[in-house]
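The values are calculated or read from the model by the stated rules, or taken from the named source; none is laboratory data. Quantities reported herein were computed from a predicted structural model and do not represent experimental measurements. Cβ coordinates were reconstructed from backbone atoms using ideal geometry, including for glycine residues, and neighbour counts include every protein chain displayed. Ligands, DNA and RNA are stripped out before the accessible areas are found, and what is left, the full protein with its side chains, is counted by its heavy atoms. Shrake-Rupley method; radii C 1.70, N 1.55, O 1.52, S 1.80 Å.
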Amino acid sequence: GKNATVLGEIAEMHIVTEKGNANTALELLERALKRDKRNAGLYVLQGNAYRKLPDASSAFQSYKKAIEENKGLAEAYYQLGDIFVGQKNEDVYVDYFNQALAADANYAPAHYALYRHYVNTNPTTAMTHFSKYSQLADKSVQQEYSYTDLLYLTKDYQNAINRAIQLLQVEGDKVQPRLYKLIAYSYQAQKDSVSATSYMQEYFRKEADSNFLVKDFETMAGLYARDTNTIDSAMVYYQRALPVAVDSATLYEIYDKLADLAKAKGDYLAEAQWLGKYYTGNERATNVNLFNWGLALYRSKEYKAADSVFGLYVEKYPEQGFGFYWRARSNAALDDEMKEGLAIPHYNKLIEKLIADSVTLSPTDKKWLIEAYGYLAAYETNTQEDYTEAITWFNRLLEVDPANENAKKYIAILEENIAKGKSGKEGKQEQEETEGKN
């Protein structure tokens with residue numbers, strides 16, 4: 001009990017063993033320091049005992065005292081840095097770890113700590129510290145895994161592949177399945193999608209489902225999406241990623257990719273479903289996304305749903321003509337025989353919108369107006385059998401497109417029928433016969 005070194009060693013056993021008592025360690029260290037007040041190592045042990053309690057503030061003071069007694073004690077700087085790792089104060093702990101290495105360039109724990117800090121932000125610096133650490137520490141399989149990871153992170157892809165394959169051979173059934181993924185990612189970076197796909201398939205066969213990340217599914221999906229023959233498989237993997245995605249930005253990104261793949265397949269209904277998910281609740285969604293959603297519904301012949309989406313477009317972007325036009329088209333498709341006149345109010349609104357807003361009509365505006373006037377003229381002719389009103393619409397069409405021969409032809413037919421006093425049905429029949437000949 002009178003030997004400070006022995007007291008310190010007994011205290012250390014209380015600190016490092018699971019069942020040790022930190023308070024007992026502190027009592028022993030207090031006795032030891034009475035006999036050896038300038039022993040920096042005892043202050044480090046005291047700091048370690050306080051951290052076991054835990055009492056980081058007192059530990060900090062003990063480590064500081066150790067440095068006062070011995071400015072070249074690397075362990076004291078390291079332990080100070082380790083306190084701030086828990087507080088996630090990067091600037092402070094990095095500084096302390098570097099001070100530890102300034103005190104002792106071969107202090108392995110500081111090299112390892114800096115490797116851990118830089119591994120995801122500066123792989124090159126991480127590699128420097130890891131290489132030094134591996135020279136100083138006992139060799140282990142985990143070191144091989146870490147070194148292989150660093151080869152990948154520093155973009156030394158071929159060496160990463162080589163070391164990973166060596167580990168596969170050495171470890172056998174004990175190998176960590178993530179190595180298959182590392183090899184796949186390395187091959188992908190080398191533009192070898194065939195090899196990348198093969199190793200990703202192996203990864204999915206061997207890894208536990210609970211360990212899969214969103215990126216794993218996205219990578220596999222991206223590999224399959226390269227080939228038009230495997231789009232279905234790509235969509236399966238993107239859909240498998242959805243339950244794993246935890247943030248909305250990732251979800252919306254996957255919805256967008258699924259919509260693109262569905263469109264590439266020509267499956268417009270599926271495209272519409274994914275576009276709807278992408279748009280709904282997405283603050284970053286634009287008018288283009290809303291328009292594409294409606295258009296996909298229209299292409300899939302879901303005209304009522306398309307009308308609803310384009311109705312929302314009109315509500316949100318009333319200054320644009322797209323919503324008015326496609327509402328008209330959607331309702332025209334719903335009422336393909338013009339019996340109910342569902343498209344009429346929408347074509348009228350489109351006309352009002354274009355005439356009110358356009359000093360000079362754009363080519364698109366002209367196209368829409370010609371279509372609207374032609375539809376209204378056909379409706380008055382075939383459904384309402386009001387030839388005079390139909391001629392009015394055809395004349396308005398000619399104001400936009402003076403060279404339109406069909407409009408001129410129909411006006412002549414309708415005027416002839418009116419002159420002959422024929423009924424609407426008779427005129428309609430003659431018009432249809434003329435159209436058939438043409």
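When you scan the range 342-351, do you find a residue that is open to solvent by 60 Å² or more (accessible area, probe 1.4 Å) and more than 24 Å from Gly311 (Cα to Cα), even just one? There is no residue in the range 342-351 that is open to solvent by 60 Å² or more (accessible area, probe 1.4 Å) and more than 24 Å from Gly311 (Cα to Cα).
Within the range 268-288, if we keep just the residues that are charged (D, E, K, R) and touching a residue at least 12 places away in the same chain (Cβ under 8 Å), the residue that is nearest to Ala234 (Cα to Cα) turns out to be Glu271. In the range 159-172, the residues that are closer than 16 Å to Ser198 by Cα reach residues that are assigned to a helix (DSSP H, G or I) and hydrophobic (A, V, I, L, M, F, W, C) with C-beta atoms within less than 8 angstrom, at least six apart or across chains, in these pairs: Ile161/Ile183; Ala164/Leu179; Ala164/Leu182; Ala164/Ile183; Ile165/Ile183; Leu168/Leu179.
Residues that are hydroxyl-bearing (Ser, Thr, Tyr) and open to solvent by less than 40 Å² (accessible area, probe 1.4 Å) within the range 299-335 comprise Ser300, Tyr313, Tyr325, Ser330, listed in sequence order. Residues that are modelled with pLDDT under 95, over 24 Å from Arg205 (Cα atoms) and either in contact with a strand residue (DSSP E or B) (Cβ under 7 Å, 6 or more places away or on another chain) or outside any helix (DSSP H, G or I) (or both): does the range 261-274 have at least one? Looking for residues that are modelled with pLDDT under 95, over 24 Å from Arg205 (Cα atoms) and either in contact with a strand residue (DSSP E or B) (Cβ under 7 Å, 6 or more places away or on another chain) or outside any helix (DSSP H, G or I) (or both), one finds none in the range 261-274, hence no. In the range 195-208 there is at least one residue that is part of a helix (DSSP H, G or I), among the basic types (Lys, Arg) and free of Cβ contacts under 8 Å to residues at least 24 places away in the same chain. Scanning the range 36-45 turns up at least one residue that is of a type in the set (Asp, Glu), open to solvent by 20 Å² or more (accessible area, probe 1.4 Å), part of a loop (DSSP other than H, G, I, E, B) and touching a helix residue (DSSP H, G or I) at 6+ places or on another chain (Cβ under 8 Å). Checked against (1) under 25 Å from Thr250 (Cα atoms); (2) open to solvent by 60 Å² or more (accessible area, probe 1.4 Å), Tyr180 passes all but condition (2). Here Asp36 fulfils each of the conditions (1) closer than 30 Å to Thr125 by Cβ; (2) of a type in the set (Asp, Glu); (3) out of contact with any Asp or Glu (no Cβ under 9 Å at 6 or more places or on another chain) apart from (1).
The number of residues in the range 284-325 being among the acidic types (Asp, Glu) and modelled with pLDDT under 95 comes to 1.
For the range 95-113, taking the residues that are within 8 Å of Gly81 (Cβ to Cβ) and hydrophobic (A, V, I, L, M, F, W, C), the one that is nearest to the chain's Cα centre (by Cα) is identified as Ala113. Could you tell me whether Lys206 is under 27 Å from Gly172 (Cα atoms), open to solvent by 70 Å² or more (accessible area, probe 1.4 Å) and out of contact with any strand residue (DSSP E or B) (no Cβ under 7 Å at 6 or more places or on another chain)? In short, yes.
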